[in-house]
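Data block below; observations after.
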Amino acid sequence: MFIFLFLFLLIIEGLLGLYVYRQTGEISTFQIVIIIFIIYAFTFGILDFIKLDRWMRKKIGKLRGVELLTDKDYEIIEKNNNPKYIAKKYRVSSYIHFVLFITVQAILWVIGTESLAEIKMYLSDFSWLGNGNAKGSPYPNDAAFAIGVIWGIVFIADFIYSWAYTLFPKK
């Protein structure tokens, strides 16, 4: 019930962001953060909520002296404690994130540039990142620039985090 209430409130926040956009005609950092959080909540966030629920049932059951977990729950917990399984899971998610990131960036760059030569120029010289806005960048507008830069930072952090499980596995 808590998860559904949380997702419902998240949808309300999304509608608030849409309302602000319709009134102002601009996309703000607030709206970008809400969109990112909504995407997370409806993708990886659901799995995190299920993991949290399983952890809470284990702790509450232990306090009350009642078994609240099923055999399947214990199998999943055991699997999630296996370093090889975790490393593989994170590698797969990093590949998916990589493909999505490159695809969306390519679409934004194609919209914001006029030729392949211009795209190659931006790929060879990243000085446009220091501008802080879309002017002189491969992005069509400031909102796309903000999305691209924020997502780029998140992508780099996620990619390093995901591959750390493969490069530095737990014993």
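The values are calculated or read from the model by the stated rules, or taken from the named source; none is laboratory data. Keep in mind the model is a prediction, meaning the values are calculated, not measured. As a convention, Cβ positions derive from the backbone with ideal geometry for all residues, glycine included, and neighbour counts pool all protein chains shown. All accessible areas refer to the heavy atoms of the entire protein, side chains included, with ligands and DNA or RNA removed. Shrake-Rupley method; radii C 1.70, N 1.55, O 1.52, S 1.80 Å.
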Can you give the FRET efficiency for Phe4 and Lys135, using 1/(1 + (r/R0)^6), R0 = 45 Å, r = Cβ-Cβ distance, to the nearest 0.05? 0.55
About its Cα centre, what dipole magnitude does the chain give when the only charges are +1 on Lys and Arg Cβ and -1 on Asp and Glu Cβ, stated in debye to the nearest 20? 980 debye
Would you mind checking Lys51/Lys72; Lys59/Lys79; Lys88/Lys170; Lys59/Lys84; Lys51/Lys79; Lys51/Lys89 for any pair whose Cα atoms are more than 21 angstrom apart? Lys59/Lys84
How much net charge surrounds Ser94 when only other residues with a Cβ under 12 Å from its Cβ are counted (Lys, Arg +1; Asp, Glu -1)? +2
Taking R0 as 25 Å and r as the Cβ-Cβ distance between Ile156 and Thr43, the FRET efficiency 1/(1 + (r/R0)^6), rounded to the nearest 0.05, comes to 0.85
Carbon/sulfur accessible area of region 1-150, % of total, 1.4 Å probe, equals 68 percent
Heavy-atom surface of the chain, accessible at 1.4 Å and reported per residue (Å²): 73 Å²
Where the centre of each part is set by its Cα atoms, how far does region 1-42 sit from region 120-148, in angstrom? 25 Å
Spacing of the two label points (7 Å from each Cα toward its C-beta) at Leu52 and Glu26, in nm: 3.3 nm
Surrounding net charge for Asp73, when Lys and Arg each add one and Asp and Glu each subtract one, Cβ distance under 14 Å: +3
Which helices, counted as full DSSP H runs in the chain, have an axial Cα extent of no less than 15 Å and a Kyte-Doolittle average of 0.0 or above? 2-24, 29-42, 83-112, 142-167
Interatomic Cα distance distribution for the chain, bins of 10 angstrom, percent: 8, 25, 29, 22, 11, 4, 1
Helical mean residue ellipticity (222 nm; -39500 (n - 2.57) per DSSP H run of 4+; nearest 500) of the chain: -26500 deg cm²/dmol
Per the rule of 0.36 nm per residue minus the C-alpha distance, extending Trp163 to Asp73 adds in nm 29.8 nm
What net charge is computed for the residues neighbouring Thr29, neighbours being all others with C-beta under 15 Å from the C-beta of Thr29, Lys and Arg scored +1, Asp and Glu -1? -3
